[in-house]
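Structure record follows, encoded as structure tokens.
The values are calculated or read from the model by the stated rules, or taken from the named source; none is laboratory data. Given the structure is predicted, the values throughout are model-derived calculations rather than measurements. Here the Cβ positions follow ideal geometry from the backbone for every residue, glycine too, while neighbour counts run over all protein chains shown. When the accessible area is computed, the model is the full protein with side chains, heavy atoms only, and any ligands, DNA or RNA have been set aside. Shrake-Rupley method; radii C 1.70, N 1.55, O 1.52, S 1.80 Å.
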Amino acid sequence: MKLQNNRLLEALSCRAVDSTPIWIMRQAGRYLPEYRAIRSKYSKFLDMCQNPDIACEITMLPLKRYDLDAAILFSDILILPTAMGMDLHFESGLGPIFSKPIESVKDIENLSDFEPAEKLSYVGKAVENIISELNNKLPLIGFAGSPWTVATYMIEGGSSKQFSKVKGLLYKNPQAMHQLLEYLAKHTTKYLQMQIDAGAHVVMLFDTWGGILTDPNYLEFSLAYMQKIIDALRQKASKIPVILFTKNGGRSLLEISNTGCNAVGLDWTADIGSAAKLMSDKIALQGNLDPCVLYAGPTTIREEVKWILDVFHGRNGHIFNLGHGIHPDIEPDNVQVMIDAVREYSSISRNL
Ligand code: CP3
């Protein structure tokens, strides 16, 4: 059945829309007081992700406040390793922490197969709840981390500055690295398939750390495994739109656009106009306002939004977003200014 608001799916097919669709990475996060109110009732972030009713309630929060064009499942890319038996918690100020990271080749060899549909059935249930709550109004974006990005956390044990352990392993023992990535790609595919079966309209791969690799290593250790996931999804769910986002992936945009994904997510360091010229006009682009623009006042926010829309002018297939997740200390009213500016300027440029 056709969605009441079909802008995102139309833009993903590079068809004309009345107004550029917009959603925001981390739209249901800590910048929202209503999120913080729910968060304060839970000592553990994971407890919220594991409860399908709460995950659904949080997913809906930004949609009650703003006129956005998509919902994104409230969850985290590190839910997948918890299903492998890896113990994870989040510490304020530090972020995610795995108590026993992967330290040896033996640890990689010992990883055993599991069925995401069983171990992570609460995510499938959350997707079903959200789909029913959305009541055909808006599309839902499901997601997973890229194998490379999830592997960085599993090996570093948390967030990292130098990525010495994971890049050390890549250079010392590339076969072991490939074995881990292969394992992650296989289970990520099943995990995304479960979200699609539960009703997700679009899926997105978050490759936050692909950009720390040399160009050839990015192709071999990050993009190749996202490619495997897309190929495998295409065999089953041939039409499901896929958005691929590599932060700092600007040097490999052509290769990314050739994976068979429908849209390429851009961080703010890429020029969206040049990216559009580089790629086939069948590939949509998502992005790419610098999240720090939202610290400024309305005039600057409006100018920066207009600049991105102007640079893209004349081509179909743009999904407006930030170039990375929204910062927790952004003033929620500034988000409204951004959304209003997207509506205003994108409909003006369409009427020219
Ligand atoms: O976009 C959305 O609103 C959907 C929910 C979502 C979260 N994380 C919720 C979250 C999504 C899509 C993610 C993806 C994610 N998680 C990524 C890829 C995108 C990116 O931001 O680069 C990564 C690398 C993670 C891992 C992760 N989760 C980190 C490093 C942290 C701590 C740092 C931080 O930004 O808070 C998290 C925690 C997290 N994930 C929070 C939320 C709302 C905050 C946790 C809290 O409320 O205590």
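Things to note:
- Selection from region 235-251 of residues that are part of a loop (DSSP other than H, G, I, E, B) and crowded, with 23+ Cβ neighbours inside 10 Å: GLY249
- Residues (away from the ligand (no atom under 15 Å from the Cβ), within 24 Å of HIS324 (Cβ to Cβ) and in contact with a helix residue (DSSP H, G or I) (Cβ under 7 Å, 6 or more places away or on another chain)) located in region 218-229: TYR218, LEU219, PHE221, LEU223, TYR225, ILE229
- Number of positions in region 306-352 that are within 22 Å of LEU32 (Cβ to Cβ), in contact with a Ser or Thr (Cβ under 9 Å, 6 or more places away or on another chain) and of a type in the set (Val, Ile, Thr): 2
- Filtered residue count, region 185-194, keeping only those that are farther than 26 Å from LYS137 by Cβ and open to solvent by 10 Å² or more (accessible area, probe 1.4 Å): 3
- Flag not set for LEU192, criterion: out of contact with any Asp or Glu (no Cβ under 6 Å at 6 or more places or on another chain), touching a residue at least 60 places away in the same chain (Cβ under 8 Å) and within 16 Å of the ligand (Cβ to nearest atom).
- Checklist (1) surrounded by 15 or more Cβ atoms within 10 Å (Cβ to Cβ); (2) in a helix (DSSP H, G or I); (3) not charged (D, E, K, R) applied to LEU254, failing item: (1)
- Residue that is surrounded by 24 or more Cβ atoms within 10 Å (Cβ to Cβ), touching a helix residue (DSSP H, G or I) at 6+ places or on another chain (Cβ under 7 Å) and among the small types (Gly, Ala, Ser), where the choices are ALA275, ALA232, ALA263: ALA263
Quick grid of which residues meet (1) of a type in the set (Ser, Thr, Tyr); (2) within 29 Å of LYS137 (Cα to Cα); (3) not in a strand (DSSP E or B):
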residue: MET177; (1), (2), (3): no, no, yes
residue: ILE196; (1), (2), (3): no, yes, yes
residue: LEU205; (1), (2), (3): no, yes, no
residue: GLN227; (1), (2), (3): no, no, yes
residue: ASP231; (1), (2), (3): no, no, yes
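- Pick from region 70-118, criterion within 14 Å of the ligand (Cβ to nearest atom) and charged (D, E, K, R), ranking: farthest from TYR183 (Cα to Cα): GLU91
- Checking each residue in region 286-327 for being more than 17 Å from the chain's Cα centre (by Cα) and within 16 Å of the ligand (Cβ to nearest atom) picks out CYS292, LEU294.
- Search result, residues across region 319-343 that are closer than 27 Å to MET279 by Cα and open to solvent by less than 10 Å² (accessible area, probe 1.4 Å): ILE319, PHE320, ASN321, LEU322, GLY323, MET338, ILE339, ALA341, VAL342
- Of the helices (runs of 4 or more DSSP H) contained entirely in region 1-56, not one carries at least 2 residues that are open to solvent by 70 Å² or more (accessible area, probe 1.4 Å).
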